[in-house]
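Here's the structure, in structure tokens; my notes come after.
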Amino acid sequence: MREARLDDVPALLHFIRELADYEREPDAVMTDEGQLAASLFGPAPAVFAHVCEGSGPGGLAGMAIWFISYSTWTGRHGIWLEDLYVRPNERRRGVARALFTTLASLASEREYARIDWSVLDWNHSAIRFYQSLGAVPMDEWTGYRLTGDALTSLGSGDNRT
């Protein structure tokens, strides 16, 4: 387990595309290697990645892409896990657990309050895995997203949407 390096970007993007395919959104990935590299390794990165070495693209088995969150209730930072992906042939070998262990260690070292993420409700194997770690669902919360034309319209001051 290690922090991602600049030369991991092609493999990370490959994993992001594989994850989008798995999540039934193959056309949703709009980022490219340049954008991903700038986000992860630019002058003031706000997103981070850890990888596990294995037999996949770039010699990697899986990845965790995350950023720092904040809870006003705890008064402490946390980790928002944006993407966790393990290649199918590397699953059930402890890769996902190792990635979570790395993030949990990082959170503990930095005195972060928690790790949060989303999972699709039909992904029962992932849900079982997360519960095996001791994670609990946030049943009372519904995620929302503002994007596309609605975001542009609101941002331009056009509140008629």
Output the qualifying pairs, or none if there are none: Cβ atoms under 8 angstrom, residues six or more apart or on different chains, first residue in the stretch 141-152 and at negative phi, second residue surrounded by 10 or more Cβ atoms within 10 Å (Cβ to Cβ).
143/118; 146/154; 149/161; 150/161
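Yes/no per residue for (1) of a type in the set (Gly, Ala, Ser); (2) over 15 Å from the mean Cα position of the chain (by Cα):
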| position | (1), (2) |
| --- | --- |
| 71 | yes, yes |
| 75 | yes, yes |
| 79 | no, no |
| 90 | no, yes |
| 99 | no, no |
| 120 | no, no |
| 126 | yes, no |
| 131 | no, yes |
| 156 | yes, yes |
Within the stretch 9-54, restricting attention to residues that are surrounded by 18 or more Cβ atoms within 10 Å (Cβ to Cβ), not aliphatic (A, V, I, L, M) and not in a helix (DSSP H, G or I), which residue is farthest from the chain's Cα centre (by Cα)?
52
Could you give me the residue pairs with C-beta distances under 6 Å whose first residue belongs to the stretch 1-25 and is closer than 19 Å to residue 45 by Cα, whose second residue is among the β-branched types (Val, Ile, Thr) and surrounded by 18 or more Cβ atoms within 10 Å (Cβ to Cβ) wherever it lies, and which are 6+ apart or on separate chains?
4/51; 8/51
Within the stretch 52-68, can you find the residues that are more than 15 Å from residue 105 (Cα to Cα) and aliphatic (A, V, I, L, M)?
60, 61, 63, 65
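Can you find a residue in the stretch 31-40 that is touching a residue at least 40 places away in the same chain (Cβ under 8 Å) and on the phi < 0 side of the Ramachandran plot? Explain how you work it out, then say what you get.
Initial filter on the stretch 31-40 (touching a residue at least 40 places away in the same chain (Cβ under 8 Å)): none.
Within the stretch 31-40, none of the residues are touching a residue at least 40 places away in the same chain (Cβ under 8 Å) and on the phi < 0 side of the Ramachandran plot.
Rundown of residues vs (1) farther than 22 Å from residue 120 by Cα; (2) touching a Ser or Thr at 6+ places or on another chain (Cβ under 8 Å), yes/no style:
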{"position": "8", "(1), (2)": "yes, no"}
{"position": "59", "(1), (2)": "yes, no"}
{"position": "66", "(1), (2)": "no, no"}
{"position": "89", "(1), (2)": "no, yes"}
Answer yes or no as to whether residue 67 is surrounded by fewer than 16 Cβ atoms within 10 Å (Cβ to Cβ), in contact (Cβ under 8 Å) with a residue 12 or more places away in the chain, in contact with a strand residue (DSSP E or B) (Cβ under 6 Å, 6 or more places away or on another chain) and not in a loop (DSSP other than H, G, I, E, B).
yes
Regarding residue 96, is this residue surrounded by 18 or more Cβ atoms within 10 Å (Cβ to Cβ) and in a helix (DSSP H, G or I)?
yes
Which is exposed (fewer than 10 other Cβ atoms within 10 Å of the Cβ) and among the basic types (Lys, Arg), of 128, 91?
128
What number goes with the only condition from (1) loosely packed, with under 15 Cβ neighbours inside 10 Å; (2) over 24 Å from residue 22 (Cβ atoms); (3) not aromatic (Phe, Trp, Tyr) that residue 145 does not pass?
(2)
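None of the figures in this text is laboratory data; all of them are computed from the coordinates on show. Nothing here was measured: the structure is a model prediction, and the numbers come from that model. A quick note on method: Cβ atoms are made from the backbone with ideal geometry, for glycine too, and the neighbour counts reach across all protein chains shown.
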